[in-house]
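Read through the structure below, which is laid out as structure tokens, and then see the notes.
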Amino acid sequence: MPVLRRFALVVSIVFGGSLALAAAAIAAGGGLAPGDYVFTSVSANAAFGLAKGGPSDQPSISVFVNRGLNSYEPEHPKGPSTVTNSTMVQLSIFTATGGVGGCWVINPSDFTVSNDLRTAKLHTTLTAGNVCPGLGAPVTGKSGAAPISAAGGGSIALPITLDVTWTGLGATSVERDRGTFRCLSYSADSTNVLHLSGATASATVSGLNGTLATDVAGVDSTDSHIDINETPPSTCPGV
């Protein structure tokens, strides 16, 4: 897949309202045990470089960060999924010859978001010691694809220090949805309220000169309620 098209796919995923795995799919994969879950997640994303047809000799960068419940899928197909209350950063870097990406679990205090979604800041260092335990995605009640990421940091030279600042308009859009999944005695019911804020962003990345800037960015918060009954039988899809 051409680099430009691949990068455009990342942008479309981030801004298409499909930032998380389906709650039913996560539960069916073993990530969430039966129970009643009520939680809030906050996230921010930004794409630097190709969104406005930037110079082809400069790398293009996509950053996604989420604080809340995150699901991690192991590389081994039979490995167990895990869900933790954590702060996750996904970083992708694209050049004219290809792209690399990775996922890291960082200190929650490295990512701050104002209550009105007008500002967000990320200041963190990505190292080999805090790579995600598998492919990561936020848990919400909304169905959709997970952000593209690599489980092991790819060939990105570590450590990397990231400083990103988002300046938004506040919560200008609200999206509500409800989902239901049934398989024999198993059921998962979810409701999701998503508050979205369009934003501009600036960033510095260690190893790259100067400050990056973009208006292809966003900040959002998600209030989710997931009610899971029973454990899915082995005949259910995704188990």
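Every read-out reported here was derived from the displayed coordinates using simple, explicitly stated rules and does not represent laboratory data. Everything quoted here is computed from the prediction, not taken from an experiment. Virtual Cβ from ideal backbone geometry, glycine too; neighbours counted across all protein chains shown.
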In percent, what relative contact order does segment 67-141 have, based on Cα pairs under 8 Å that are 6 or more apart in sequence? 36 percent
Gain upon complete extension [residue 172, residue 121; 0.36 nm per residue less C-alpha separation]: 16.4 nm
Ranking of 118, 176 by count of other Cβ atoms within 10 Å, fewest first: 176, 118
Taking amide hydrogens as modeled 1.01 Å from N in the peptide plane, which residues meet the under 5 Å criterion relative to residue 170, leaving out close sequence neighbours? 118
Could you calculate the contour length gain from residue 209 to residue 163, that is, 0.36 nm times the residue separation minus the distance between their Cα atoms, to one decimal place in nm? 15.3 nm
Quick check: residue separation of residue 180 and residue 110 times 0.36 nm, minus the Cα distance between them. What number comes out in nm? 21.7 nm
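Based on the Cβ-Cβ distance from residue 231 to residue 84, what FRET efficiency comes out when R0 is 22 Å, to the nearest 0.05?
With a Förster radius of 22 Å, E is 0.65.
What does the net charge come to around residue 187 if you take all other residues with beta carbon closer than 15 Å to its beta carbon, with K and R at +1 and D and E at -1?
-2
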